[in-house]
1. Just wondering, is there one or more residues in the range 355-368 that are in contact with a His (Cβ under 7 Å, 6 or more places away or on another chain) and without any contact (Cβ under 8 Å) to a residue 60 or more places away in the chain?
2. Among (1) in contact with a Leu (Cβ under 6 Å, 6 or more places away or on another chain); (2) in a helix (DSSP H, G or I); (3) of a type outside the set (A, V, I, L, M), there is one condition residue 378 misses while meeting the rest; what is its number?
3. Using the structure shown, decide if residue 421 is crowded, with 17+ Cβ neighbours inside 10 Å and under 23 Å from residue 81 (Cβ atoms).
4. When you check residue 393 against the structure, is it in contact (Cβ under 8 Å) with a residue 24 or more places away in the chain, farther than 18 Å from residue 79 by Cβ and among the hydrophobic types (A, V, I, L, M, F, W, C), yes or no?
5. Is there a residue in the range 406-426 that is in contact with a strand residue (DSSP E or B) (Cβ under 7 Å, 6 or more places away or on another chain) and part of a strand (DSSP E or B)?
6. So is residue 49 farther than 19 Å from residue 170 by Cβ, in a helix (DSSP H, G or I) and in contact (Cβ under 8 Å) with a residue 12 or more places away in the chain or not?
7. Is it the case that the range 78-92 has a residue that's free of Cβ contacts under 8 Å to residues at least 60 places away in the same chain, surrounded by fewer than 16 Cβ atoms within 10 Å (Cβ to Cβ) and under 21 Å from the mean Cα position of the chain (by Cα)?
8. Within the range 351-370, how many residues are touching a helix residue (DSSP H, G or I) at 6+ places or on another chain (Cβ under 7 Å), surrounded by fewer than 24 Cβ atoms within 10 Å (Cβ to Cβ) and within 15 Å of residue 447 (Cβ to Cβ)?
Amino acid sequence: MAAARPDSPLRTPLGVTVLVLLAIAFASLLVINYTAYRLIGQTAEMNTQVDHTYKVKGAVSELLANGIDAEAGQRGFLLTGHVAYLSIKDQAEARTPGLLDQLDELTSDTPQQNARVDELRLLFKRRFAIINETIEQYRAGRLDRARELLEEGEGRQLSTRIRTILRELDTVESRLLQQRTGASDEGGKRASAITLIGGALILVAAVISLILISRYLAEIQASRRELDRVNRGLEQTVLERTEDLLRANDELATAKDRAEALLREVNHRVGNSLQLVSSMISLQSKALTDKSAREALRAAQARIEAVAQVHRRLYTSVHVGQVALDDYLTGLVDELRQSLPAGFHDMIDLKADPLEADTDRAVSLGVVAAELITNAVKYAYRGKPGPIRVRLLEDGEGHALLMVEDEGVGMDGGPAKGTGLGAKILKAMATSLQSKVEFEPRKKGVRALLRFELPEN
């Protein structure tokens, strides 16, 4: 009788258990790899959508900047009559249709966003039509009609509506960006968790197999080597994607620094050019014998200095889009002291709270302050030295108050005689601040007040 052959280790309950564990581990590996592949694909899709969202936000930002440039070019032309300002408006108007087409294509899969783009197209068309009509009226010499168009509420309403829609577009995209970024991060976390779980399952199966079945040691080791190869491939993929993201962030930071450097250089050159113009006007005024002509040139010089000071402050400011109003007014008053009659050098008393504003508000505020100070010199004291107090105060609820007061002849001294240009400039600058200059007669002298809104932080 033949001797009984021992049962194969694979046919024992323990062997069957090991086979089942190995089968489960193998099936888990397949499921995990497939799931990880799907998650990586979903993460890549989320990254594509994030890039799409950044493009939409970029187009929105450029449209907002174009609207601001067009209005700035219009104001600059109407205030100075220099056609150079029109190039700013023309460039903004030329760029806007292309940006709207780009935004229309980017939002074609989102009906609500696409409807906002259609409305923006009509609003920009009407806003540019009003701007162009105002400029044509001014060129034709119909200044009253141009002023009516500038002061009518339709233009401001259109600008406000355009900014509102752009903010709505940006808000929706910001929300989508947050959702998509969160989904991408969540996918990465799930892929990592699944990979870890799979590694743990396979490791357990390998340990059990090594302990119970020594004859399958080579096969188990091969399986582990294969698993290591797969994990290294996944790690390399993650490493490459991380390097791409870091490189993209570095490029964005470099581009931002370059843009800020260029903007500071532009502000520096503009400030120097305006300073050169101011110096030329000063030389010209010294060569004139006519008193009224000298005063007119001195007033023009003060207005130019108000704008030049803004650009000089922007050149040295950490935030290239914000101006420290207290420092700005201090520099402006120092410049005015140099151009005023000698007796007024020590008569101007300035106190200003540390406030900040954007470039447009700073320019308007500086021109108003310069006009009010020169008016006090010309009309309140009529050339004879007297105290002039300038105050810039935070007025609460996001507003500030500019106050210029004197102790001169006051309102009873009769209306001030002049060309009326200063009054028009005051009104235009106050209107750009959505405010107006109010004059309060005092027992001795006059107090001029301008209350305006500060930008939100």
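The values are calculated or read from the model by the stated rules, or taken from the named source; none is laboratory data. The shown structure was predicted, so the numbers you read here are calculated from the model rather than taken from an experiment. Glycine also receives a Cβ, built like all others from the backbone with ideal geometry; neighbour counts cover every protein chain displayed.
1. Of the residues in the range 355-368, the ones in contact with a His (Cβ under 7 Å, 6 or more places away or on another chain) are none.
No, the range 355-368 contains no residue that is in contact with a His (Cβ under 7 Å, 6 or more places away or on another chain) and without any contact (Cβ under 8 Å) to a residue 60 or more places away in the chain.
2. (1)
3. Details: crowded, with 17+ Cβ neighbours inside 10 Å: no; under 23 Å from residue 81 (Cβ atoms): yes.
Spelling it out, it is not the case that residue 421 is crowded, with 17+ Cβ neighbours inside 10 Å and under 23 Å from residue 81 (Cβ atoms).
4. Numbers: in contact (Cβ under 8 Å) with a residue 24 or more places away in the chain: yes; farther than 18 Å from residue 79 by Cβ: yes; among the hydrophobic types (A, V, I, L, M, F, W, C): yes.
Against the criterion (in contact (Cβ under 8 Å) with a residue 24 or more places away in the chain, farther than 18 Å from residue 79 by Cβ and among the hydrophobic types (A, V, I, L, M, F, W, C)), residue 393 qualifies.
5. yes
6. On the way: farther than 19 Å from residue 170 by Cβ: no; in a helix (DSSP H, G or I): yes; in contact (Cβ under 8 Å) with a residue 12 or more places away in the chain: yes.
In short, no.
7. Checked the range 78-92: at least one residue is free of Cβ contacts under 8 Å to residues at least 60 places away in the same chain, surrounded by fewer than 16 Cβ atoms within 10 Å (Cβ to Cβ) and under 21 Å from the mean Cα position of the chain (by Cα).
8. Matching residues across the range 351-370 total 0.
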